[in-house]
């Protein structure tokens, strides 16, 4: 990641420095055109030196923090070289104060830089006149040109820094998207395997208890366990491929079967026969997680699963007794279900109902124009 950032900083810096160097090459070219080789070489040497320092400033500014405590000294270097060279280079050097203005905007604090830039702009007017330009309009034009060029040059450097930051933010968002997808998959695997593993454990315990008394029934329980494991393998593949959605009718039947396998009585009450697919999928995951929690975290004797429609909202209640302890906080399973419900604009609440009863209550907005019929088999499954 650090190497990638360095490569981006290098590329952006080159894209800034190359056109800047081309602009700064104008004074030496002007001296060459009039045949003044000595001053052309002097101007080239001074500008190459300044460009090397300027390149370091640009790299530091794009990559993050500036040059630190040396910024004032670096700015003083630019100002000394630029204004000190007028004695030797004359009117051809007249636009180079833009280097000082740009350096001020990159190196100094904002309020100080604005003051320095204003001073550079004002000084440009009498400086132009002092160099032999008789027209005040031309001198005013030079002042405006230095001001605009300084702001544009500094703006280009700031823009390059913003481009780098934008690329970094985009990379971070991509990583967050990957992490979010991993969390989604982990949550679905948790919801999916919780009930499956509980079913396998209970059926294995039943098979062990029956192996000496009823081998045929024990064999049937083992075969059912193998079938559950095979189905779980396929379901995991669906989750990984992001194809996994649950059927509410099947999950209600499976929940009743799982809870009654522990010896508890589960009362399934259905006051609704049609539900939209999105809500049905969310409720199916909730029923699965609720049944798993009842088996894992309670000694339930009775359980009620009530699904109904009230005031154009789907209402699900899962209530059981025999809780072993009061949960101090929601586990990852309930937290994931709460996120599902929130995305659909619904509400999920858990509460104690009596001394040892636990209640899960879910409200979801109904979508009557996207209905499908759900077939619910409430008979215990295998």
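Conditions tested, residue by residue: (1) at pLDDT 75 or above; (2) loosely packed, with under 14 Cβ neighbours inside 10 Å; (3) under 43 Å from the mean Cα position of the chain (by Cα); (4) under 28 Å from residue 291 (Cα atoms).
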{"residue": "164", "(1), (2), (3), (4)": "yes, no, yes, no"}
{"residue": "168", "(1), (2), (3), (4)": "yes, no, yes, no"}
{"residue": "172", "(1), (2), (3), (4)": "yes, yes, yes, no"}
{"residue": "177", "(1), (2), (3), (4)": "no, yes, yes, no"}
{"residue": "181", "(1), (2), (3), (4)": "no, yes, yes, yes"}
{"residue": "194", "(1), (2), (3), (4)": "no, no, yes, yes"}
{"residue": "205", "(1), (2), (3), (4)": "yes, yes, no, yes"}
{"residue": "212", "(1), (2), (3), (4)": "yes, yes, no, no"}
{"residue": "219", "(1), (2), (3), (4)": "yes, yes, no, yes"}
Residue in region 260-301 that is surrounded by the fewest Cβ atoms within 10 Å (Cβ to Cβ), counting only those that are without any contact (Cβ under 8 Å) to a residue 60 or more places away in the chain and farther than 24 Å from residue 346 by Cβ: 263
Odd one out for residue 65, checked against (1) at pLDDT 90 or above; (2) under 47 Å from the mean Cα position of the chain (by Cα): (1)
Residue identified as within 25 Å of residue 159 (Cα to Cα) and modelled with pLDDT of 85 or more among 43, 25, 7: 25
Residue list for region 56-96, filter: within 24 Å of residue 129 (Cβ to Cβ), surrounded by fewer than 16 Cβ atoms within 10 Å (Cβ to Cβ) and free of Cβ contacts under 8 Å to residues at least 24 places away in the same chain: 80, 84, 87
Condition broken by residue 309, with the remaining ones in (1) part of a strand (DSSP E or B); (2) in contact with a strand residue (DSSP E or B) (Cβ under 6 Å, 6 or more places away or on another chain); (3) more than 14 Å from residue 341 (Cβ to Cβ) satisfied: (2)
Any chance residue 314 is surrounded by 21 or more Cβ atoms within 10 Å (Cβ to Cβ) and either closer than 16 Å to residue 349 by Cα or modelled with pLDDT of 85 or more (or both): yes
Residue check, residue 12 at pLDDT 90 or above and out of contact with any strand residue (DSSP E or B) (no Cβ under 6 Å at 6 or more places or on another chain): no
Candidates 99, 123, 62 - the one that is assigned by TED's automatic domain parsing to the domain that holds residue 22 and under 30 Å from residue 3 (Cβ atoms): 62
Number of the exception - residue 243 against (1) surrounded by 12 or more Cβ atoms within 10 Å (Cβ to Cβ); (2) over 23 Å from the mean Cα position of the chain (by Cα); (3) at pLDDT below 75: (1)
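Does residue 53 satisfy the condition of being at pLDDT 85 or above and surrounded by fewer than 18 Cβ atoms within 10 Å (Cβ to Cβ)?
yes
The values are calculated or read from the model by the stated rules, or taken from the named source; none is laboratory data. Treat the numbers as computed from the prediction; the structure is a model and nothing was measured. Please note: Cβ atoms are built from the backbone with ideal geometry, for glycine as well, and neighbour counts cover all protein chains shown.
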